[in-house]
1. Those residues that are within 19 Å of A:Val90 (Cβ to Cβ) and either in contact (Cβ under 8 Å) with a residue 24 or more places away in the chain or not polar (S, T, N, Q) (or both), I need them from region A:134-151; list them, please.
2. Of all residues in region B:20-50, count the ones that are within 13 Å of ligand 2 (Cβ to nearest atom) and not polar (S, T, N, Q).
3. Of everything in region A:32-69, what is free of Cβ contacts under 8 Å to residues at least 12 places away in the same chain and either assigned by TED's automatic domain parsing to the domain that holds A:Ile362 or in a helix (DSSP H, G or I) (or both)? Give them in sequence order.
4. So which residues in region B:19-56 are in a loop (DSSP other than H, G, I, E, B) and within 13 Å of ligand 1 (Cβ to nearest atom)?
5. Looking at B:Arg147, is it within 14 Å of chain A (Cβ to nearest Cβ), outside any helix (DSSP H, G or I) and of a type in the set (Lys, Arg)?
6. Take region B:76-117 and flag every residue that is under 23 Å from B:Val184 (Cβ atoms) and among the basic types (Lys, Arg).
7. I'd like to verify a number: residues in region A:1-31 that are more than 41 Å from the chain's Cα centre (by Cα), within 11 Å of chain B (Cβ to nearest Cβ) and either in a helix (DSSP H, G or I) or under 21 Å from A:Glu369 (Cβ atoms) (or both), how many?
8. Determine, yes or no, whether B:Leu109 is within 14 Å of chain A (Cβ to nearest Cβ), without any contact (Cβ under 8 Å) to a residue 24 or more places away in the chain and not in a loop (DSSP other than H, G, I, E, B).
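The values are calculated or read from the model by the stated rules, or taken from the named source; none is laboratory data. The structure presented is a predicted model; accordingly, all values stated were derived computationally and were not measured. All Cβ positions, even for glycine, are placed from backbone atoms using ideal geometry, and neighbour counts span all protein chains on display. These area figures cover heavy atoms from the full protein model, side chains too; ligands, DNA and RNA do not enter into them. Shrake-Rupley method; radii C 1.70, N 1.55, O 1.52, S 1.80 Å.
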Amino acid sequence: MKFIDLIQFTAQAIFSHRLRSTLTAIGIGVGVLAVVLLTAIGEGVNRFVVEQFTQFGTTTIAVQPGKSSTLGINPAVLNSVRPLSLADAVALERAPYVLYSVPAVSGAGSIEANNRERNVNVFAVGPGFDRAFKFNVNIGSFLPPDNLERARPVAVLGAMAAAEIFGSGNPLGQRIRIGNERYRVVGVMEPKGEMLGIDLDDTVYIPAARGLEMFNRTGLHEIDILYAEDAPVDEVVAGIRRILLARHGGEDFTILTQQQMLDVLGSIIDVLTLGVGALGGISLLVGGVGIFTIMTIAVRERTEEIGLLRAIGTTKNVVARIFIGEAVLLSALGGAGGLLLALIVIGAVSVLAPSIPVNVSIMYVLLAELIAVLTGLIAGVLPAYKAASLAPLDALRTD
Amino acid sequence: MIKLRGICRDYEVGDETVHALDHIELDIAAGEYISIMGPSGSGKSTLLNILGLLDKPTAGIYELDGSDVSDLPDDHLAQVRRQKIGFIFQSFHLVSRLTAHENVELPMLLMGTNKKERRQRAEEVLDSVGLRSRLDHRPDQLSGGERQRVAIARAIVMRPSFLLADEPTGNLDSKSGGEIISIVEDLNSQGIGLVVVTHDPDLGDRARRHLRMVDGRIHSDNPRKSA
Ligand SMILES: Nc1ncnc2c1ncn2[C@@H]1O[C@H](COP(=O)(O)OP(=O)(O)OP(=O)(O)O)[C@@H](O)[C@H]1O
Ligand SMILES: [Mg+2]
C-alpha cells in the first residue's frame, strides 16, 4: 500500500467520525498547547535574563570571596577565607588585559536631605564603575579618582533618587545624610531602568571604602573586572588568579566569568522550563490515553472491515499500519491544532501584554509536535496489534 | 487447478472434537462451475474457506496451481488470496464509509496500484455489473442486490482464477438473486472458476457439477443431469 494512499485511507476513517475524532484530537491539542505555552514562557524568561545580564557588556568577570566548593560547604564558615580587600581591587588593575577593576559592596540604606528621607539601594563602588558598565552621568561627575582607601565622602544620586529628594532643584553640591555619615552630592546619573527587579535609578553611589564602613564589613561583596574585548578569557582569568594567589596565599576566592554566570543561570532556567514542559507533557499523556481508547473502540467497531481486508489479501502488517496510521494522524492533527492555537495565544500576548516575556523556540515547537506524534504512535500500537492478529474468519463472522 | 488430498478440519469444542471436514478428496479444474449443497453444519462453509485460504486444514494437502499451499506463512497466504481468489459473501461485507468505486478499488489500493488506473478499472468492472450510475453511492444508498453487485465487482477486479461464493443470494429477493447469479455465470463463461455454496436447489442445479456434503464428507459428486 502506498504511503499517500494509506494517509488518505486513514483520513477517510477519521473524518467519518467527525465529532469523536475532533474530541480525541483536542485531547492531544491541549497537551501540545500546554507544552508550547509553558516552554515559551520559560524561553522568554531565559532570554529576558540573558538580556538583563549582558546589557552592560559581556567582557566582565566577577571575583567573589570564598572558594565555591563542590562539597557544598559554605565557604564563609571556613576561617581560612580572607576577605577581598580594596587593595586586592587595586592590585587586579595590573592584571593582563584588565581595563577596570571595580570594588563593590551594596545594601539598603536611607538618604536624608531637604527634609525628606528615602530608602534606596546603596552601591559602594570604585571610581571606574561608570566607565566599566557604561553608566553615564547626567549632570556633575561620577565618584572622583581618590585613593580607594581614603576616599572623600561624596555621593552620586540615581535619577529617581535625585528627583524624589530634590524635585526639579539642582542637587549638585547639596549635603545629604546616608546612614550616619554626611556626603556631598557631586553628580546625578542618567535613568537606567531595572535589572532583575532592582531599580537602578532609586540608588545612591558612594565610595567603596565608605560602604565597607557603613555596612560594617571587613571585605567586599565582589570585585568586578572589565577586560579588553579581544582578550583571551582564559588568560585574563589566569592573570587574576595569579595575582590573588600571591596576595592571599591560597585559593580562597572565586572567579566567575560572564559566560559562567550565564551558563549557571541558563541551566537553572532550562531545568525550570523542562519542568513546566513536563507538566504540559502530563496533559499530552492524558490525550494519549484518549487516543488509545478511541482506537480500541475503532478496532472493535471495524472488526468486520478488518476481516474483509484480510480476506481480499491484506497482510497483517498493512492492517497494523492502517490503525497505527490512524492514531498517528489523529494525534498529529490534534498537535497541529494545539500548535496553531499556541502561536495565536503567544502572538496575542506579545501584542497585548508585551511586558510578559514569551518566546517561541522552534525547537520546543517541533519537539511538542514530535511528542504528540509519538504519543499517537505508542497509543496506537496495541490496538493496531490487536487488529492485525484477529483471525480473518472470526473477524468476518462478527456482525 | 485445485487438488485437495485428505483434508481435515477439526474444531476442539470443550472436550470434544468436531470434524467439520473429514478427509476431503477433491479436484477442481480451471473454469469449472460447482455448487456445494448439503444440510446445515455439514461443512460447506468450512470447505469454501479452506479453498479460499481463509482457514487452514488441520491435516491434508492443498495444492493450488501446482504448489502446496496447505502450510504457507500468513503473509504468503494473503498474497495468494489477493492474486487468485475472489470472495462473495452472503452479507456483502462492504466498507460502509466508502463509495461503490472506493470499495471496488480497495484490493488495488492495497496492492499499490496508482490512482488513475484504480479508478479506471473500478469503473470498468462496476460498469460490467450494471452499476455505471452508482459509482459514488455509499452502501447505505444502495439496494441489497446492488450491494452484492459491488461486492462482485470487488471480487473480480484483481482478475482471480476462482470466485468463491457462500450463499451469495441468501440475503436477496429472488429477482435480484437471479440477477446476481446471471452475473457470476457470465463471469464463469469468461473463464473464471466458480464455486457456489447454496441451500437453494434451483440455484444448485444450474451448476455443471454438484457436490453434496454430509457430516464433513463429500456424499456425492455428480455432473449436471442434462434435462
Ligand atoms: N469456529 C468454530 N468453532 C467450532 N466449531 C465450528 C466452528 N466453525 C464451524 N464449526 C462447526 O463445524 C461444522 C461445519 O460448519 P460449517 O459452517 O462449515 O457448516 P455449513 O455447512 O456451512 O452450515 P450452514 O449451511 O448452516 O452454513 C459445524 O458443526 C459447526 O458447528
Ligand atoms: Mg455456511
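1. A:Phe142, A:Leu143, A:Pro144, A:Pro145, A:Asp146, A:Leu148, A:Glu149, A:Arg150, A:Ala151
2. 12
3. A:Glu51 - this is the single residue of region A:32-69 that is free of Cβ contacts under 8 Å to residues at least 12 places away in the same chain and either assigned by TED's automatic domain parsing to the domain that holds A:Ile362 or in a helix (DSSP H, G or I) (or both).
4. Residues satisfying the conditions are B:Gly38, B:Pro39, B:Ser40, B:Gly41, B:Ser42, B:Gly43, B:Gly52, B:Leu54, B:Asp55, B:Lys56.
5. When the stated conditions are applied, B:Arg147 does not pass them.
6. Across region B:76-117, the qualifying residues are B:Arg81, B:Arg82, B:Lys84.
7. So the count comes out to 9.
8. Yes: the conditions hold for B:Leu109.
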